[in-house]
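Undergrad: This is the structure I want to talk about, given as structure tokens.
The values are calculated or read from the model by the stated rules, or taken from the named source; none is laboratory data. Quick caveat: nothing in here was measured; it's all calculated off a predicted structure. Reconstructed Cβ throughout: ideal geometry from the backbone, glycine too, with neighbour counts over all protein chains shown. Just so you know, the surface numbers come from the protein's heavy atoms only, side chains and all, with ligands and any DNA or RNA stripped out. Shrake-Rupley method; radii C 1.70, N 1.55, O 1.52, S 1.80 Å.
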Amino acid sequence: IEIPTKLCTGLCWEYSGGMSETVKLSTLIPDMRNANLGTPRGSQMIEDSLRQYGAGRSILIDKHGNVIAGNKTLENAGAIGMDDVIVVQSDGTKLVAVQRTDLDLDDPHTRQLAIADNRAGQVSLDWDTETLKGLVEDGVDLAPFWTADELKAMWPQDGIGDGDAGQTLAERFGV
């Protein structure tokens, strides 16, 4: 989904950080190596939140339309019939804010959206250790995200952490 800087063929507009365009949800490509397996409960929470509150945050895609973050949101948005996505181009040097013109932070409904967003993300998280291992083999450094003890608990090596065998990360870390 590379949008030319001088020419936009769809519904688009220019802003100080680049271009924006509305595209079909089906044009975005889920990450087939997403390390988050998700959970059935989390998926249901995301779907329920989208139905009840609408979209509350953006997802992140690369310059080719591959989803970097927000795979579970993309999946559930498609499941409930959200067809269009507003793609905002950014090089990452500025924060992108989504302004919902129908929401007011003083409204309890809006506060529920905030809680739903955070809780659904928490409940939906279940790391796929095999995918993480593959990413490490490809040169991805997990050290900024997990301590050495957490990594040992994820995949026992040389008998370390064997008591956790067969458990998902969500079970091991009580999520």
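Undergrad: Can you tell me which residue in the range 40-78 is farthest from VAL23 (Cα to Cα), limited to those that are of a type in the set (A, V, I, L, M, F, W, C) and open to solvent by 70 Å² or more (accessible area, probe 1.4 Å)? Even if it seems obvious, please write down each step before you answer.
TA: The first filter runs over the range 40-78 and keeps only residues of a type in the set (A, V, I, L, M, F, W, C), leaving 45-46, 50, 55, 59-61, 67-69, 74, 77.
Subset that is open to solvent by 70 Å² or more (accessible area, probe 1.4 Å): 60, 68.
On the way: LEU60: 14, ILE68: 17 Å.
Among them, the one singled out is ILE68.
Undergrad: Moving on. Does ALA114 satisfy being in a helix (DSSP H, G or I) and either open to solvent by less than 60 Å² (accessible area, probe 1.4 Å) or free of Cβ contacts under 8 Å to residues at least 24 places away in the same chain (or both)? Spell out the reasoning first.
TA: Details: in a helix (DSSP H, G or I): yes; either open to solvent by less than 60 Å² (accessible area, probe 1.4 Å) or free of Cβ contacts under 8 Å to residues at least 24 places away in the same chain (or both): yes.
Yes: the conditions hold for ALA114.
Undergrad: Please indicate, with yes or no, whether at least one residue in the range 132-152 is modelled with pLDDT under 50, open to solvent by 70 Å² or more (accessible area, probe 1.4 Å) and not in a helix (DSSP H, G or I). I'd like the intermediate steps shown before the answer.
TA: The first filter runs over the range 132-152 and keeps only residues modelled with pLDDT under 50, leaving none.
Within the range 132-152, none of the residues are modelled with pLDDT under 50, open to solvent by 70 Å² or more (accessible area, probe 1.4 Å) and not in a helix (DSSP H, G or I).
Undergrad: To continue, here is another question. If the Cβ limit is 6 Å and pairs must be 6+ apart or interchain, which residue in the range 80-94 that is open to solvent by 70 Å² or more (accessible area, probe 1.4 Å) pairs with which residue that is in a loop (DSSP other than H, G, I, E, B)?
TA: Close Cβ pairs satisfying both conditions: LYS94/GLY17.
Undergrad: Can you pull out the strands (runs of 3 or more DSSP E) entirely within the range 18-109 that have at least 2 residues that are over 12 Å from the mean Cα position of the chain (by Cα)?
TA: Values: elements: 18-24, 67-69, 84-88.
Once the strands (runs of 3 or more DSSP E) in the range 18-109 are filtered for at least 2 residues that are over 12 Å from the mean Cα position of the chain (by Cα), what remains is 18-24, 84-88.
Undergrad: Further question: Cβ-Cβ below 7 Å, separation at least six or inter-chain, first residue in the range 32-56 and in contact (Cβ under 8 Å) with a residue 60 or more places away in the chain and among the aromatic types (Phe, Trp, Tyr), second assigned to a helix (DSSP H, G or I) and surrounded by 18 or more Cβ atoms within 10 Å (Cβ to Cβ): which pairs?
TA: From residues that are in contact (Cβ under 8 Å) with a residue 60 or more places away in the chain and among the aromatic types (Phe, Trp, Tyr), the pairs are TYR53/LEU113; TYR53/ALA116.
Undergrad: Search the range 11-39 for residues being small (Gly, Ala, Ser), over 15 Å from THR73 (Cα atoms) and surrounded by 11 or more Cβ atoms within 10 Å (Cβ to Cβ), and hand back the single one that is modelled with the lowest pLDDT.
TA: Here is the first cut: in the range 11-39, the residues small (Gly, Ala, Ser) are 16-18, 20, 26, 35, 38.
Then keep just the ones that are over 15 Å from THR73 (Cα atoms); that gives 16-18, 20.
The next check asks that each one be surrounded by 11 or more Cβ atoms within 10 Å (Cβ to Cβ); those that pass are 17-18, 20.
On the way: GLY17: 55, GLY18: 64, SER20: 88.
If we take residues in the range 11-39 being small (Gly, Ala, Ser), over 15 Å from THR73 (Cα atoms) and surrounded by 11 or more Cβ atoms within 10 Å (Cβ to Cβ), then GLY17 is modelled with the lowest pLDDT.
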